[in-house]
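Input: a single structure, listed below in structure tokens.
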Amino acid sequence: MKKQVTIGIAATLLAGTVSFVVAGPSGGKPLRKADVLPAYEIVNSVRNIGFAPATQAIRRGPYYVLHAFDRHGIKVRVVADAQLGDIV
């Protein structure tokens, strides 16, 4: 059961990431610093959905990337939209 949940979470995160990467950044324009949320807000969003951040959020283009532990103690990679803060 635990393995199925992990696979489901990983598949969901991967599918979301792929769709956003294919779509590209908003309108194809580079994001300005003023358009991007600060890293601590991304970390707070990750905590609010039940993950325990293991690293700081690092900006990679239009996204923030960090590692976190889920409710079962499994380490996952979390990708968040830098402009909206949505976990993708």
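Residue check: is Ile9 surrounded by 14 or more Cβ atoms within 10 Å (Cβ to Cβ), assigned to a helix (DSSP H, G or I), at pLDDT 95 or above and not hydroxyl-bearing (Ser, Thr, Tyr)? I'd like the intermediate steps shown before the answer.
Working: surrounded by 14 or more Cβ atoms within 10 Å (Cβ to Cβ): yes; assigned to a helix (DSSP H, G or I): yes; at pLDDT 95 or above: no; not hydroxyl-bearing (Ser, Thr, Tyr): yes.
So Ile9 fails the test.
Restricting attention to the range 35-63, report how many residues are part of a strand (DSSP E or B) and touching a Leu at 6+ places or on another chain (Cβ under 7 Å).
So the count comes out to 2.
Restricting attention to the range 32-63, and to residues there that are among the aromatic types (Phe, Trp, Tyr) and open to solvent by less than 40 Å² (accessible area, probe 1.4 Å), which single residue is farthest from Gln83 (Cα to Cα)?
My answer is Phe51.
Is it the case, given these coordinates, that Leu66 is in a loop (DSSP other than H, G, I, E, B) and surrounded by 12 or more Cβ atoms within 10 Å (Cβ to Cβ)?
For Leu66, the condition - in a loop (DSSP other than H, G, I, E, B) and surrounded by 12 or more Cβ atoms within 10 Å (Cβ to Cβ) - is not met.
I'd like the residue in the range 70-88 that is open to solvent by 80 Å² or more (accessible area, probe 1.4 Å) and not charged (D, E, K, R) and, out of all such residues, is nearest to Tyr40 (Cα to Cα).
Leu84
Quick one: what pairs do we get from the range 58-86, first residue touching a residue at least 24 places away in the same chain (Cβ under 8 Å), second of a type in the set (Lys, Arg), C-beta under 9 Å, 6+ apart or different chains?
From the range 58-86, the pairs are Leu66/Arg77; His72/Lys2; Ile74/Lys2; Val79/Arg60; Ala82/Arg59; Ala82/Arg60.
The values are calculated or read from the model by the stated rules, or taken from the named source; none is laboratory data. Since the model is a prediction, treat every value here as computed from it, not as a measurement. Glycine gets a Cβ as well: all are built from the backbone with ideal geometry, and neighbour counts include every protein chain shown. For accessibility, only protein heavy atoms count, side chains too; no ligands or nucleic acids. Shrake-Rupley method; radii C 1.70, N 1.55, O 1.52, S 1.80 Å.
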